[in-house]
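Working notes, beginning with the structure itself.
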Amino acid sequence: MAVALELLDVSKTFRRDKEEILAVDSVSLKVEPGEMATFLGPSGCGKTTTLRMIAGFEAPTRGSVSIDGQDVTGVPVNRRDIGFVFQNYALFPHMSVYENVAYGLKVKGEASADIRRKVREGLDLVGLGKAERRLPNRLSGGEQQRVALARVLVLQPRVLLMDEPLSNLDAKLRIHMRSEIRRIQKHLDVTCLYVTHDQTEALTMSDRIIVMRKGRVEQVGAPMEIYSDPRSMFVADFIGQANMLPGVVVTSDGRALLTVDVAGRMLSVRAVRGETFSRGDSAAIVVRPENLAPTDGEGMPGRIISSTFLGGRMEYEVELAGGVTVTSFDPFMPGKRLWSEGEETVLSFDPKAAVALRA
């Protein structure tokens with residue numbers, strides 16, 4: 001049965017060369033049973049350290065880790081019933097696929113018949129049912145990752161932790177493997193925490209994303225919420241591509257709708273949830289490139305700086321009045337109006353597709 005996991009005010013300080021470094025700063029989080037939650041952020045933001053504290057490889061300087069309501073902060077790694085899939089697959093090179101997957105079960109002292117059954121079920125689950133006798137050096141990177149995953153899954157851990165497991169694979173294989181990992185996680189209904197710096201991985205695999213920066217949690221939410229309603233300039237810029245249009249608030253209804261002056265154009269936008277603005281406040285309008293379309297109609301005038309054909313879309317770099325440069329993605333269709341470098345154009349967007357943040 002899937003379990004819940006909770007972090008309460010977890011912090012971690014390292015001492016290096018007589019200097020204290022705060023790697024994780026007061027992280028509190030609850031992961032629901034069967035949920036796939038992803039820590040996302042740049043290198044050095046504290047996501048792997050947080051995962052290692054959940055696993056028991058690192059002890060928190062402050063705070064607690066609980067699994068199903070039981071405090072496991074001081075419980076050794078081998079008694080937490082947690083599975084960990086590492087960035088490097090850590091397979092035994094002299095052992096066959098079968099022996100690698102069976103290793104943990106043998107250490108636990110399970111009966112031979114149970115080991116055979118569980119190993120075969122695990123290999124079938126990851127699509128390697130016919131690879132039992134092969135050695136790791138005879139496998140592709142994706143196959144090795146599947147073996148590493150099966151080796152953990154046959155132990156039936158209460159929580160599955162994965163630290164950038166796809167970073168060593170090529171782009172095409174990463175796309176396939178992230179779908180496979182999500183399928184297996186859903187099939188087993190296992191509570192899973194996943195670490196990545198790849199925003200596409202996080203958006204496509206997660207029930208919720210925890211965006212981290214400098215050891216702190218910037219925002220927690222479902223992928224669509226994180227993408228469409230970023231709570232900070234960092235989240236807006238880190239998740240996908242974002243245009244930031246500087247402006248000044250002209251009117252506010254006191255709730256969610258604002259009129260913002262951007263280079264002399266009055267634009268109607270949403271305020272970020274939980275933020276209130278007053279007349280005269282500086283604001284940054286965040287609008288995604290796919291929501292910013294060139295047109296012959298009304299909108300923000302600009303000049304095409306570059307025009308690039310990317311197969312399914314045209315990508316335009318546009319200089320607006322005031323010198324602000326923005327990016328526009330326009331779906332390509334034969335016969336559609338195309339814009340060339342140096343042409344004057346107008347950009348428009350749906351007010352619902354943009355959000356105003358505190359600048």
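Apply the Karplus curve 6.51 cos²θ - 1.76 cosθ + 1.60, θ = phi - 60°, to the phi angles in region 23-29 and return the couplings in whole Hz, x for Gly and Pro.
Karplus-based 3J(HN,Hα) across region 23-29 equals 7, 10, 10, 6, 8, 10, 7 Hz.
Near the amide H of A293, under 5 Å away, which other amide H atoms are found, from residues 5 or more places off or on another chain, if H is placed in the peptide plane?
Long-range HN contacts for A293: S348.
For region 241-358, divide the Cα radius of gyration by the Kirkwood radius and give the resulting Rg/Rh value with two decimals. Show your work: numbers first, answer last.
Details: Rg = 14.7 Å, Rh = 14.7 Å.
Value, to two decimals: 1.00.
Please compute the contact order of region 132-219 in relative form: average sequence separation of alpha-carbon pairs under 8 Å and at least six residues apart, divided by the residue count, as a percent.
Working: 54 pairs, mean separation 22.2, N = 88.
Result for region 132-219 is 25 percent.
Could you give the distance between the Cα centres of region 168-193 and region 280-344, to the whole Å?
Each part reduced to its Cα centre gives a spacing of 35 Å.
In whole Hz, what ³J(HN,Hα) sequence does region 210-224 give by Karplus (6.51, -1.76, 1.60; θ = phi - 60°), x for Gly and Pro?
Values, residue by residue: 10, 8, 10, 8, 6, x, 10, 7, 7, 6, 10, x, 5, x, 5 Hz.
Please sort by residue number the GluC sites (Glu not before Pro) in region 301-359 whose DSSP state is loop and whose Cβ has at most 15 other Cβ atoms within 10 Å.
E341, E343
Compute, for region 5-233, the length of the dipole vector about the Cα centre, with Cβ point charges of +1 (Lys, Arg) and -1 (Asp, Glu) only. Units Debye, rounded to 20.
Working: 34 positive and 30 negative charges, 139 e Å.
The calculation lands at about 660 debye.
For region 236-278 and region 22-66, what is the centre-to-centre distance using only Cα atoms, to the nearest Å?
Distance between centres, Cα-based: 33 Å.
With θ taken as phi - 60° and the coefficients 6.51, -1.76 and 1.60, list the Karplus ³J(HN,Hα) couplings across region 322-334 in order, rounded to whole Hz; mark glycine and proline as x.
x, x, 6, 9, 10, 10, 10, 9, 10, x, 8, 9, x
What number comes out for the charge environment of T50, summing +1 per Lys or Arg and -1 per Asp or Glu over other residues with Cβ under 10 Å away? Before the final figure, lay out each step's value.
Working: positive: K12, K47, R52; negative: E58.
With Lys, Arg at +1 and Asp, Glu at -1, the net is +2.
In region 59-160, what GluC sites (Glu not before Pro) fall in a loop by DSSP, with at most 14 other Cβ atoms inside 10 Å? Let's see the in-between values first.
Details: sites: E99, E110, E121, E132, E143; in loops: E110, E132.
Those that pass, being in a loop and sparsely packed, number zero.
Less than 13 Å from a label point 7 Å out along the Cα-to-Cβ axis of T251: which backbone N atoms in region 279-293 qualify, by residue?
Label zone hits: 279.
Suppose the Debye formula is applied to equal point scatterers at every Cα of the chain; what is log10 I(q)/I(0) at q = 0.06, 0.10 Å⁻¹?
Values returned for q = 0.06, 0.10 Å⁻¹ are -0.31, -0.75.
Tell me the mean residue ellipticity at 222 nm calculated for the chain from its helices only (DSSP H runs of n ≥ 4, each -39500 (n - 2.57), averaged over every residue, nearest 500). Spell out each step's value before the answer.
Numbers: 8 runs with 84 residues, N = 359.
Mean residue ellipticity at 222 nm (helix-derived): -7000 deg cm²/dmol.
Rounded if a/c is under 1.5, else prolate if a/b is larger than b/c, else oblate: which is region 244-286, with a ≥ b ≥ c the root eigenvalues of its Cα gyration tensor? Don't skip to the answer; put the middle values down first.
Values: a/c = 1.74, a/b = 1.41, b/c = 1.23.
Taking the square roots of the gyration eigenvalues as a ≥ b ≥ c, region 244-286 is prolate.
Provide the gained length on full extension for the span F14 to Q241, in nm with one decimal, where the gain is 0.36 nm per separating residue minus the Cα-Cα distance.
Contour length minus Cα-Cα distance gives 78.4 nm.
Which pairs break 22 Å Cα to Cα here: K30/K214; K18/K47; K118/K186; K18/K214? Provide the component values of the computation, followed by the final result.
Details: K30/K214 20 Å; K18/K47 24 Å; K118/K186 19 Å; K18/K214 20 Å.
From the list (K30/K214; K18/K47; K118/K186; K18/K214), the Cα-Cα distance tops 22 Å for K18/K47.
Bear in mind these aren't lab numbers, they're just calculated from the coordinates by the rules spelled out. Values in this document were obtained by computation on a predicted structure and should not be read as measured data. FYI the Cβ positions are ideal-geometry reconstructions off the backbone, even for glycines, and counts take in every protein chain you see.
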